[in-house]
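Q: Handing you a structure now.
The values are calculated or read from the model by the stated rules, or taken from the named source; none is laboratory data. Since the model is a prediction, treat every value here as computed from it, not as a measurement. Because the Cβ atoms are built from the backbone with ideal geometry, glycine has one as well, and the counts that use them run over all protein chains shown.
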Amino acid sequence: MRGKRVSGAERNRQGMEDKLLQGRPDVLVEVDRDRAGGGLRTEEMLVNMGPQHPSTHGVLRLMLRIDGELVLECTPHIGYLHRCAEKIGENVTPVQFIPITDRLDYLAAMINNHGYSLAVEKLLGMEVPERGRYIRVIMSELNRIASHLVSFGAYGLDMGAFTPFVYAFREREYILDLFEQVCGARLTYSYLSIGGATQDLPEGFPERLAQFLDYFEPKIAEYNNLLSFNQIFVKRTAGVGVISAADAIAWGLTGPCLRGSGVKWDLRKCVPYDIYDRFEFDIPVGLPGGVGGAPREAVVGDSWNRYYVRILEMQQSVRILRQCLQQLPSGDFRAKVPRVLKLPAKETYLEVEGGRGQVGYLVVGDGKAVPRRVKIRGPSFCNLSIASHVCRNVLIADIAAIIGSIDVVMGEVDR
Amino acid sequence: MNKFSAEDALRPRFTAAHKALALRGFVIAGVALLAAAVGFGFVAGVAQGVGYAAAVGGVVLAGLTGACCLLAAFVIRFAALVGRVLLTLALPIFLGGVVGIVVLAWIPALLYERVDGIKADHPGAAVSVAQFEAALTGNAAAARGPAYLAALALWPLQFQLTRDVLAVVGVVGFVSLVAMFGIWWERKVAGRMQSRLGPMRVGGWHGWAQSLADGLKLLQKEDIFIAGADRALFRLAPYVAFIPAMCLFIALPFSAAWVARDLEVGLIFIFAMLGVGVLGVLLAGWASNNKWSMLGAMREACQMISYEIPLGFALLVPIMTLGTLRLTAIGEAQSGGFHTWLAFANPFTFIAAIVFFVATLASCKRAPFDLPEAESELVAGYLTEYSGFRWALFFFAEYAEMFAVAALASVLFFGAWYSPLPASWGAAWADGPLWQRAVHGVLYSGPIWFVLKGFFFFFVQLWLRWTLPRIRLDQVMYACVQVLLPLTMVALLGNTLWLWLVRPGAWLAVAVNLILTAIGGLTVVAMAAIVLYGYLNRRRLVGTMAVDPLPGG
Amino acid sequence: MTRGWLYRLPLPALLAASALAADGAAAPAADPGKAVAFYLVAAVTVGSALGCAIATNIVRMAMCLLGTLGGVALLYFLMSATFLGVIQLIVYAGGTLIVIVFGVMLTSRAYGVKLRPRPVEVLAALVVCGALLVGLVAVLLRTDWPAAPAGGAAEGTVAALGGSLLSVYLVPFELASVLLLAVMIGAAYLAQPALPTAGDGAGPEE
């Protein structure tokens, strides 16, 4: 055929520029980076990880600029799970908003319920009876264990260890059975509401919970044997994605991500809300290599430490639960809540320690039954923001390790 | 739990009209064919003009086909009954199949012996059918008698070509069976390790027909072609991956006399086949027109060929120790019992055995070296665009290779087809009547030990996959070049020095042999003890928590 | 107007030449099966080689090369030189070919571009290959091939090879080892990433 011979590369570039304008960057981008000294000319690729991807923990889109196996830049694109939760908050009453809070961090729904209820009660100045408060803490801590189990299992799955995932979910089944006995639901409970719990604990629940705790505590040692101190797992995660304490605080990280970087900050201990000041428990923080059982290669602030903090937190939650069971009083489980709750024209902001960090609720009342503004601080949103800073000059396999250790739940990133 | 019944299988797909039509068709065809068979036989018997062989062949063929048609009609008419019967007999059918395979594998050996015996009486050119018949009946002048059919059946078996064809058919059959069994077993083992059950329904007893059902399902999937992909290469890739995996079994000896081709260079022939399999991976990644697939394929090929180096060096150790490349000779050198197994000969062969196993793990892309095909990394690597039977072929190739390298490990280092008892103890029964030889095969040396050992190492591969996480690619390369390669060098050098300096009967050799044998024996005993402990305490260890039911619920 | 006819011209020419050159002198041995196998394998080999020369897609060329190398290995097997055949598979099909395929896949920028030789190139190729063919055929016909014993020394081929490599042909063996060592060092050096200079900023850590 006559005509100018257009090389395939040129055709590729012309074609892909159009596609870039259409917002489809998953094509070959040729960037001639002649390395100093005249080595091989390499091409960079823009590839898309997600939003449907087995290891991005939800509908998260990561755009990676990679050079062979090395990731040069990682940009998270969010918004795929945006459901206008905050706008809905302006149109429904606080009690009606509780189910929406369930679906923010859907793995630790009870904690979300708890936080929102506390915020509204602070706004109203409502006093919650003792039994209600203890029920709330029991449910929150149990849900924290369930959430950390998912995080632990999914992280193992990302690293290629299929078995811990199934073990984690086997334990989680028992917890979800307990939740089902309490409120009939397994994932989104709407059990903790304004004024306390919507129903009392069923008969025999404390005994069953004690039975579960006795069964569960030795399992954590099993997980450590199977995964946490496994050499291959340690090599995949230790020293990978190190976030210094200063960086963590500067980027607004909270929860296990912050504690994994060595900062001993947990709202339950440092700014105790509800009745957390009545319990004795420790705050696990990131360990340097060789200290406290950590493997030699571990660095404070790496992925391994963020993961191990969650394992230790499960142990502390079990401790809190045992103390709750000891101190559980009888009485009312919910304050007398009027049928129509009028919110005063004030605003409150309250944070609780959720499964992934500090969940904050800003409730602005207007004198009406419906708040003027509900703003939710999703901890995963802030935690995810560090992804582009951390995921530089790492291998593709490390992206899964880092994102898995940050442990985002897209429900509270996108709300 | 609802039991899977025949009605569930048949009801949605075939309407009553379909069934009636099929029934009528099969009955008519069956009756017609049987009538033709009978008529033809009558005519042949009376007319004597048709060649005897052709007549017999025609009658048998038509008769068999007719009988099959009538059987099909029966199954269609009484489908529910047949289904129920099959389900209740599921376990006996499975066990019968296993026994049948063993018998089916043994019969050719006996037939070959008979044929060879007859051939020995007629040295020179090919033996004719008449001579066969004479030898079978013992009557020199028998012609077209009752033994004619048997002679006709035995006549082709004297030619190497027929034997080769039968060997190839046997190899293909065995490979398919191993792959299907391996896939089922992997799912069961994975399930049990994850405190769940694995396949339970298909076929009735622990889902033994699961692989069969999966294979049938994959056969009827849509043939998807990628736009822009090279169609010829896309079609070719599964075969380039599958054929070397099958050719491995041509040189693999199941026992001293049970080998398709006892190649003089059998060991490196197997090594060559493992190496050619890399091309299938590369081709598959390329032909998918998908950058992820190609990336995955290149990483995988890179890993496979890097690990061929420690693999080759580890193979050199038994070659050097025994001075032969012939696999049957390597096997026979380990016939003296547990302590003569090559892994326990000197510490360097022990190292070489372990290095060999790890290198084959990486070469077969098994976990913990399966990063390139990990789902949480780049989708499914080179297999992303393959679906249906092409994907099944890749998996067949992988499982066949897994068993082949497991069997190779046992042949090279762990006693081949010999039991832990020295073969000399049972030498008297090696040539006796059939039942003595069967017992000898079970007790001392026989294909059953080969298969069992092969499946043991296959199980170790499964075990590792479902326990360990994945190693990152740069760590894989590091492990290959900076850990395994020096280890193999040490093993090779050490083995050379050992063979040169230590005499076979010296006290050092004997002592080291005993120590290593003790280590090996203790490992086996420990594993058996753990299994027994686990079985006896299975209820307590599974971790079920007894939950009281809710009051009133 | 396509140029397909031009570069498909050598094919019938070569076939005709080989048909003329093959005389019936080398009659197949007593085993007809082996003769059939030989012609089959030879056809596959020659066909793959022609496909490799004629194909326009570079990866198809590589796959045809696989067919050729495999065919040669099969020819070795047919001649009972099993060791040589296996080494052919290991070194060529399992080594050299993979290097070629890697090179093709890693550096080929235009994957779909068709490689079409210009008419001048085809003519030059015809001339050179034709001359080579004529010369080879002439040499083949004029050589007095000794009848090798059928089957050769099948036992001990490997041992004999090994022994002669380490005694008679020791110097070439050692020279080849040194050459391979030099190749490996050179490859390691070439594959090294360039070290970052002072004003370059940190390069990516490999």
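Q: Does A:Tyr189 fit the bill of being of a type in the set (Phe, Trp, Tyr) and in contact with a Gly (Cβ under 7 Å, 6 or more places away or on another chain)? Before you say what the answer is, go through the steps one by one.
A: Values: of a type in the set (Phe, Trp, Tyr): yes; in contact with a Gly (Cβ under 7 Å, 6 or more places away or on another chain): no.
So A:Tyr189 does not fit the description; no.
Q: Among (1) in the same structural domain as B:Pro318 (by TED's automatic domain parsing); (2) without any contact (Cβ under 8 Å) to a residue 24 or more places away in the chain, which single condition is B:Ile530 missing?
A: Of (1) in the same structural domain as B:Pro318 (by TED's automatic domain parsing); (2) without any contact (Cβ under 8 Å) to a residue 24 or more places away in the chain, only one is false for B:Ile530: (1).
Q: Could you tell me which residue of segment B:439-451 is nearest to B:Val175 (Cα to Cα), considering only residues that are surrounded by 14 or more Cβ atoms within 10 Å (Cβ to Cβ) and within 21 Å of the chain's Cα centre (by Cα)?
A: Only one residue fits best here, namely B:Val451.
Q: Inside segment A:200-214, can you point out the residues that are in contact with a helix residue (DSSP H, G or I) (Cβ under 7 Å, 6 or more places away or on another chain), touching a residue at least 40 places away in the same chain (Cβ under 8 Å) and surrounded by fewer than 18 Cβ atoms within 10 Å (Cβ to Cβ)? Let's see the steps before the verdict.
A: Of the residues in segment A:200-214, the ones in contact with a helix residue (DSSP H, G or I) (Cβ under 7 Å, 6 or more places away or on another chain) are A:201-202, A:205-206, A:208-210, A:212-213.
Those left that are additionally touching a residue at least 40 places away in the same chain (Cβ under 8 Å): A:201, A:206, A:209-210, A:213.
Hits for segment A:200-214 are A:Pro206, A:Ala210, A:Leu213.
Q: Something else now. Tell me, which helices (runs of 4 or more DSSP H) wholly within segment C:1-81 include 1 or more residues that are modelled with pLDDT of 80 or more and within 14 Å of chain B (Cβ to nearest Cβ)? Don't jump to the end; show me each part of the working.
A: Numbers: elements: C:4-7, C:10-21, C:32-54, C:58-78.
Answer list for segment C:1-81: C:32-54, C:58-78.
Q: Next question, about the same structure. Give B:Phe459, B:Phe450 a once-over and let me know the one that is in contact with a helix residue (DSSP H, G or I) (Cβ under 8 Å, 6 or more places away or on another chain), assigned by TED's automatic domain parsing to the domain that holds B:Gln334, assigned to a helix (DSSP H, G or I) and within 30 Å of B:Ala237 (Cα to Cα).
A: Values: B:Phe450 fails: within 30 Å of B:Ala237 (Cα to Cα).
Of B:Phe459, B:Phe450, the one residue that is in contact with a helix residue (DSSP H, G or I) (Cβ under 8 Å, 6 or more places away or on another chain), assigned by TED's automatic domain parsing to the domain that holds B:Gln334, assigned to a helix (DSSP H, G or I) and within 30 Å of B:Ala237 (Cα to Cα) is B:Phe459.
Q: Something else about it: Go through (1) among the hydrophobic types (A, V, I, L, M, F, W, C); (2) under 30 Å from B:Leu322 (Cβ atoms); (3) in contact with a strand residue (DSSP E or B) (Cβ under 9 Å, 6 or more places away or on another chain) for B:Trp292 and report which single condition fails.
A: Every listed condition holds for B:Trp292 apart from (2).
Q: I'd like the full set of residues that are under 14 Å from A:Thr101 (Cα atoms) and either part of a helix (DSSP H, G or I) or out of contact with any strand residue (DSSP E or B) (no Cβ under 8 Å at 6 or more places or on another chain) (or both), limited to segment A:366-388. Don't jump to the end; show me each part of the working.
A: To start, the set of residues in segment A:366-388 that are under 14 Å from A:Thr101 (Cα atoms) comprises A:374-379.
Residue satisfying the conditions is A:Pro379 alone.
Q: If you don't mind, another one. With respect to the numbered conditions (1) more than 30 Å from B:Ile183 (Cα to Cα); (2) assigned by TED's automatic domain parsing to the domain that holds B:Asn346; (3) modelled with pLDDT under 90; (4) of a type outside the set (S, T, N, Q), which one is the sole condition not fulfilled by B:Trp507?
A: Among (1) more than 30 Å from B:Ile183 (Cα to Cα); (2) assigned by TED's automatic domain parsing to the domain that holds B:Asn346; (3) modelled with pLDDT under 90; (4) of a type outside the set (S, T, N, Q), B:Trp507 violates only (2).
Q: Between residues in segment B:72-85 that are surrounded by fewer than 16 Cβ atoms within 10 Å (Cβ to Cβ) and residues that are assigned to a helix (DSSP H, G or I) and among the charged types (D, E, K, R), which pairs lie under 8 Å by C-beta distance while being six or more apart or on different chains?
A: B:Ala80/B:Glu7
Q: Sticking with this one: Output yes when any residue across segment B:213-220 is within 14 Å of chain C (Cβ to nearest Cβ) and either assigned to a loop (DSSP other than H, G, I, E, B) or in contact with a Phe, Trp or Tyr (Cβ under 9 Å, 6 or more places away or on another chain) (or both), and no when none is. First the steps, then the outcome.
A: Narrowing segment B:213-220 to residues within 14 Å of chain C (Cβ to nearest Cβ): none.
No: zero hits.
Q: Which of (1) over 16 Å from the mean Cα position of the chain (by Cα); (2) within 28 Å of A:Arg334 (Cβ to Cβ) is the odd one out, the single condition A:Gly115 does not satisfy?
A: Every condition holds for A:Gly115 apart from (1).
Q: Still on this structure, please answer the following. Quick check on B:Glu401: is it touching a Cys at 6+ places or on another chain (Cβ under 6 Å) and of a type in the set (Asp, Glu)? Give the derivation first.
A: Details: touching a Cys at 6+ places or on another chain (Cβ under 6 Å): yes; of a type in the set (Asp, Glu): yes.
Considered against the rule, which asks whether it is touching a Cys at 6+ places or on another chain (Cβ under 6 Å) and of a type in the set (Asp, Glu), B:Glu401 comes out as yes.
Rundown of residues vs (1) closer than 27 Å to A:Val309 by Cα; (2) not in a helix (DSSP H, G or I), yes/no style:
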| position | (1), (2) |
| --- | --- |
| A:Leu72 | no, yes |
| A:Pro76 | yes, yes |
| A:Glu86 | no, no |
| A:Asn91 | no, yes |
| A:Ala108 | yes, no |
| A:Val120 | no, no |
| A:Arg131 | no, no |
| A:Arg136 | yes, no |
| A:Phe152 | yes, no |
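Q: Looking at B:Phe313, B:Phe350, B:Phe269, which one is crowded, with 20+ Cβ neighbours inside 10 Å, in a helix (DSSP H, G or I), on the phi < 0 side of the Ramachandran plot and free of Cβ contacts under 8 Å to residues at least 40 places away in the same chain? Steps first, please.
A: Numbers: B:Phe313 fails: free of Cβ contacts under 8 Å to residues at least 40 places away in the same chain; B:Phe350 fails: free of Cβ contacts under 8 Å to residues at least 40 places away in the same chain.
Matching residue, one of B:Phe313, B:Phe350, B:Phe269: B:Phe269.
Q: Then there is this: On the given criteria, is B:Gly228 over 29 Å from A:Gly160 (Cβ atoms) and either within 14 Å of chain A (Cβ to nearest Cβ) or part of a helix (DSSP H, G or I) (or both)? Break it down stepwise before answering.
A: Numbers: over 29 Å from A:Gly160 (Cβ atoms): yes; either within 14 Å of chain A (Cβ to nearest Cβ) or part of a helix (DSSP H, G or I) (or both): yes.
For B:Gly228, the condition - over 29 Å from A:Gly160 (Cβ atoms) and either within 14 Å of chain A (Cβ to nearest Cβ) or part of a helix (DSSP H, G or I) (or both) - is met.
Q: When segment A:344-359 is examined, which residues are found to be touching a Ser or Thr at 6+ places or on another chain (Cβ under 9 Å) and not in a strand (DSSP E or B)?
A: A:Gly354, A:Gly355, A:Arg356, A:Gly357
Q: Scan segment A:333-344 and give yes if some residue there is buried (at least 16 other Cβ atoms within 10 Å of the Cβ), in the same structural domain as A:Gly115 (by TED's automatic domain parsing) and among the aromatic types (Phe, Trp, Tyr), otherwise no.
A: Within segment A:333-344 (the criterion being buried (at least 16 other Cβ atoms within 10 Å of the Cβ), in the same structural domain as A:Gly115 (by TED's automatic domain parsing) and among the aromatic types (Phe, Trp, Tyr)), the answer is yes, since at least one residue qualifies.
Q: For residues in segment A:166-211 being more than 13 Å from chain B (Cβ to nearest Cβ) and polar (S, T, N, Q), which is farthest from A:Arg103 (Cα to Cα)?
A: Taking the candidates together, the pick is A:Gln199.
Q: While we're looking at this one, here's another question. Scan segment A:170-192 residue by residue and report those that are assigned to a helix (DSSP H, G or I) and either closer than 13 Å to A:Tyr106 by Cα or of a type outside the set (Val, Ile, Thr) (or both).
A: Pass one, segment A:170-192, residues assigned to a helix (DSSP H, G or I): A:170-183.
Of everything in segment A:170-192, those that are assigned to a helix (DSSP H, G or I) and either closer than 13 Å to A:Tyr106 by Cα or of a type outside the set (Val, Ile, Thr) (or both) turn out to be A:Arg170, A:Glu171, A:Arg172, A:Glu173, A:Tyr174, A:Leu176, A:Asp177, A:Leu178, A:Phe179, A:Glu180, A:Gln181, A:Cys183.
Q: Something else about it: Going by the conditions given, is B:Pro318 in the same structural domain as B:Trp258 (by TED's automatic domain parsing) and not in a helix (DSSP H, G or I)? Before the answer, list the steps.
A: Numbers: in the same structural domain as B:Trp258 (by TED's automatic domain parsing): yes; not in a helix (DSSP H, G or I): no.
Answer is no for this residue.
Q: Also: Would you check if A:Ala168 is closer than 21 Å to A:Ile403 by Cβ and within 17 Å of the chain's Cα centre (by Cα)?
A: Values: closer than 21 Å to A:Ile403 by Cβ: yes; within 17 Å of the chain's Cα centre (by Cα): yes.
So A:Ala168 fits the description; yes.
Q: Taking the conditions exactly as written (within 19 Å of the chain's Cα centre (by Cα), without any contact (Cβ under 8 Å) to a residue 60 or more places away in the chain and closer than 28 Å to A:Val95 by Cα), does A:Leu187 satisfy them or not?
A: Working: within 19 Å of the chain's Cα centre (by Cα): yes; without any contact (Cβ under 8 Å) to a residue 60 or more places away in the chain: no; closer than 28 Å to A:Val95 by Cα: yes.
Judged against the criteria, A:Leu187 is not a match.
Q: From the list A:Gly125, A:Gly153, pick out the single residue that is at pLDDT below 95 and under 23 Å from the mean Cα position of the chain (by Cα). Quick ask: steps written out before the conclusion?
A: Values: A:Gly125 fails: under 23 Å from the mean Cα position of the chain (by Cα).
Checking each option against the conditions leaves just A:Gly153.
Q: So, one more: Would you check which residues across segment A:215-228 are free of Cβ contacts under 8 Å to residues at least 40 places away in the same chain and either surrounded by 15 or more Cβ atoms within 10 Å (Cβ to Cβ) or within 17 Å of B:Thr467 (Cα to Cα) (or both) and list them? Spell out the reasoning first.
A: Going residue by residue through segment A:215-228, those that are free of Cβ contacts under 8 Å to residues at least 40 places away in the same chain are A:218, A:221, A:225.
A:Ala221, A:Asn225, listed by residue number.
Q: Within segment A:227-255, can you find the residues that are away from every other protein chain (no Cβ under 14 Å) and assigned to a helix (DSSP H, G or I)?
A: A:Ala245, A:Ala246, A:Asp247, A:Ala248, A:Ile249, A:Ala250, listed by residue number.
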